[in-house]
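Below is one structure, written out as structure tokens; the observations come after it.
The values are calculated or read from the model by the stated rules, or taken from the named source; none is laboratory data. Everything numeric in this text was worked out from a predicted model, so none of it was measured. Using ideal geometry, Cβ is built from the backbone for each residue, glycine included, and neighbour counts are taken over all protein chains shown.
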2 protein chains.
Amino acid sequence: MGRTQTKDKFKEFMLDKGLKSTRQREVILDEFLRVGSHISTEELYLRLRRKTPQIGYATVHRTLKLFAECGIAEQRHFGDGQARYEASDLDEHHDHLICVTCGKIVEFEDPRIERLQEEVARQHGFSIERHRLELYGCCESCR
Amino acid sequence: MGRTQTKDKFKEFMLDKGLKSTRQREVILDEFLRVGSHISTEELYLRLRRKTPQIGYATVHRTLKLFAECGIAEQRHFGDGQARYEASDLDEHHDHLICVTCGKIVEFEDPRIERLQEEVARQHGFSIERHRLELYGCCESCR
DNA sequence: ATTAACTTGAAATCCGTTTTCATTTGGATG
DNA sequence: CATCCAAATGAAAACGGATTTCAAGTTAAT
């Protein structure tokens with residue numbers, strides 16, 4: 001999903017919910033899309049403050065939650081106690097490889113694993129809504 | 001790993017580290033093993049307080065961390081913001097199915113998935129240290 | 001322009017986790 | 001057994017990220 005589409009989707013969402021479009025929301029969405037992925041509220045807030053010093057942490061926090069509600073972002077937790085957000089691609093799911101040394105995060109996707117997950121769930125009488133697969137290890141350059 | 005072995009392992013750990021065996025640690029380990037798995041500090045604390053009212057939350061917290069350090073327990077996060085601990089079986093790894101409706105947690109294991117994870121990691125130049133696979137969905141009885 | 005509803009940002013609050021510190025206890029030693 | 005010191009305890013405080021409060025500001029419909 002390109003930036004324009006994402007922005008359109010958010011506009012539609014705001015209209016739908018009777019939310020107002022504000023300068024802050026625009027700036028936050030822009031920066032969020034520019035940065036890409038796996039950013040924490042704190043990080044995004046600090047970045048924004050460079051260019052837009054008067055912006056408040058609470059607003060960044062609330063806006064990221066809005067993004068998630070709207071479906072253009074997803075909240076993630078990688079075990080460091082901070083929530084992180086990533087732009088969602090909607091049509092394509094992916095999992096993560098996380099380097100425990102340098103913190104690098106790589107995305108991957110494997111349909112074979114997904115299929116096996118479905119199978120396992122079925123065997124236990126579950127229907128999967130979502131899943132989380134994270135591989136923690138050491139990346140090439142850290143070895 | 002049976003209870004006796006687990007207790008022995010903890011005793012050895014304490015000896016090794018010069019830690020003292022106390023009434024509290026015994027009581028906490030007993031209750032932890034009795035309950036089994038996926039218990040939060042808060043839950044364990046409340047349970048213990050019924051039989052041992054003078055026990056402190058901090059002690060439960062610290063003791064659970066000790067268990068994890070010793071290797072007889074593992075800390076987990078299932079996204080409800082609370083850390084949970086489970087007795088570790090050492091020789092066998094497992095993943096989790098979590099019912100988003102009733103909160104039931106089922107353990108499973110699938111060597112085929114594990115193998116594919118290794119393969120994916122290798123493709124990206126990673127060596128896996130540990131992983132986390134959680135399937136969130138709806139269990140049979142909740143449907 | 002007026003107005004009602006929504007938004008903002010600073011500060012306060014929440015809530016699980018972790019630490020502090022005065023006191024108690026374990027267990028090694030004489 | 002008495003003594004001693006390091007470790008452990010528990011109540012309370014501190015911590016840290018997430019969330020809420022509230023007075024002031026903004027949006028956009030009329």
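Please give the number of the condition A:E92 fails out of (1) away from chain B (no Cβ under 14 Å); (2) under 23 Å from A:R130 (Cα atoms); (3) touching a residue at least 24 places away in the same chain (Cβ under 8 Å). Unmet condition: (3). Whenever a residue of the range A:115-126 is free of Cβ contacts under 8 Å to residues at least 12 places away in the same chain, its partners that are in a helix (DSSP H, G or I) and among the charged types (D, E, K, R), lying with C-beta atoms within less than 7 angstrom and at least six residues away or across chains, give the pairs A:L116/B:R112; A:G125/B:E140. Looking at this structure, is A:F32 within 13 Å of DNA strand D (Cβ to nearest atom), aromatic (F, W, Y) and touching a residue at least 24 places away in the same chain (Cβ under 8 Å)? Spelling it out, it is not the case that A:F32 is within 13 Å of DNA strand D (Cβ to nearest atom), aromatic (F, W, Y) and touching a residue at least 24 places away in the same chain (Cβ under 8 Å). Screening A:L48, A:L44 for residues that are surrounded by 15 or more Cβ atoms within 10 Å (Cβ to Cβ), more than 14 Å from every other protein chain (Cβ to nearest Cβ) and either among the aromatic types (F, W, Y) or within 14 Å of DNA strand D (Cβ to nearest atom) (or both) leaves exactly one candidate, A:L44.
Taking the stated definitions as given, is A:K65 within 26 Å of A:H94 (Cα to Cα) and in contact (Cβ under 8 Å) with a residue 60 or more places away in the chain? Spell out the reasoning first.
Numbers: within 26 Å of A:H94 (Cα to Cα): yes; in contact (Cβ under 8 Å) with a residue 60 or more places away in the chain: no.
Here the answer is no, as A:K65 does not meet what is asked.
Here the range A:73-88 is the region considered, the condition is being more than 12 Å from chain B (Cβ to nearest Cβ) and within 11 Å of DNA strand D (Cβ to nearest atom), and the residue that is modelled with the lowest pLDDT is A:Q82.
B:S37 passes all but one of (1) more than 16 Å from DNA strand D (Cβ to nearest atom); (2) at the interface with chain A (Cβ under 10 Å from one of its Cβ atoms); (3) in contact (Cβ under 8 Å) with a residue 24 or more places away in the chain; which number fails? Going through the list (1) more than 16 Å from DNA strand D (Cβ to nearest atom); (2) at the interface with chain A (Cβ under 10 Å from one of its Cβ atoms); (3) in contact (Cβ under 8 Å) with a residue 24 or more places away in the chain, B:S37 breaks only (2). What do you reckon, is A:E69 loosely packed, with under 15 Cβ neighbours inside 10 Å, modelled with pLDDT of 90 or more and more than 12 Å from chain B (Cβ to nearest Cβ)? For A:E69, the condition - loosely packed, with under 15 Cβ neighbours inside 10 Å, modelled with pLDDT of 90 or more and more than 12 Å from chain B (Cβ to nearest Cβ) - is met.
Scan the range A:1-32 residue by residue and report those that are more than 14 Å from DNA strand C (Cβ to nearest atom) and not charged (D, E, K, R). Scanning the range A:1-32 gives A:M1, A:G2, A:T4, A:Q5, A:T6.
Conditions tested, residue by residue: (1) buried (at least 16 other Cβ atoms within 10 Å of the Cβ); (2) in contact with a helix residue (DSSP H, G or I) (Cβ under 6 Å, 6 or more places away or on another chain); (3) facing another protein chain (nearest Cβ under 10 Å); (4) of a type in the set (A, V, I, L, M).
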| site | (1), (2), (3), (4) |
| --- | --- |
| B:G103 | no, no, no, no |
| B:I113 | yes, yes, yes, yes |
| B:A121 | yes, no, yes, yes |
| B:C142 | no, no, yes, no |
